[in-house]
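Only one structure is covered here, and it is reproduced in the block below.
Every number in this text was worked out from the coordinates using simple rules, so none of it is lab data. These numbers come from a predicted model, not from an experiment.
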Amino acid sequence: MSTILVLNRFHIDARYPHVTNVQSFTAKVSYQGYAFMTTFEFLRREPDIRDYKKGQTVFKQGDPGSDCMFGVVEGAIDIKIGAETLERVHPTHVFGEMALIDQRPRSATAIAAADSRVAVINKKRFLHLVEATPHFALSMMQVITERLRRASAP
């Protein structure tokens, strides 16, 4: 049995010193002959991947969002409230999870910052990943916790 090592680092965008992006470094591990990927490395293998051109909206603040969340496969997605960019989401990172979890409307707008490929994770798939992959659930909690800390920082 292999040990899973997940390291996180934070980097700060000079334009938004109060905003940090979690970047997960993942290690492939194997257990009884099966290879597993940790955190969000699996996104590029998801069956529902959509292409967005730079400037195209993925979803708008207030849209219903209980059906899916997203993960960036290529490119970058800006998360905005009004004109303010709260976060830029890069490959192997997720967004839109809040509305999927709490069944409330989208709290921000997501716009492609560059031509992007985005994996769509529907509720059924999300629940399967949480149940079958404890490291996915832990990684989701880390993402949500980091975003909550940023939102409540002075």
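Pairs from the table (K53/K124; K60/K80; K53/K80) lying more than 19 angstrom apart at Cα are K53/K124. Cα centroids of region 106-154 and region 39-105: 8 Å apart. Find the percent of Cα-Cα distances in region 79-154 that exceed 15 Å, and round it to a whole number. Tail of P(r) above 15 Å: 63 percent of Cα pairs. Annotation: amide H of E87 within the under-5 Å range of I79, sequence separation 5 or more or interchain, hydrogens built in the peptide plane.
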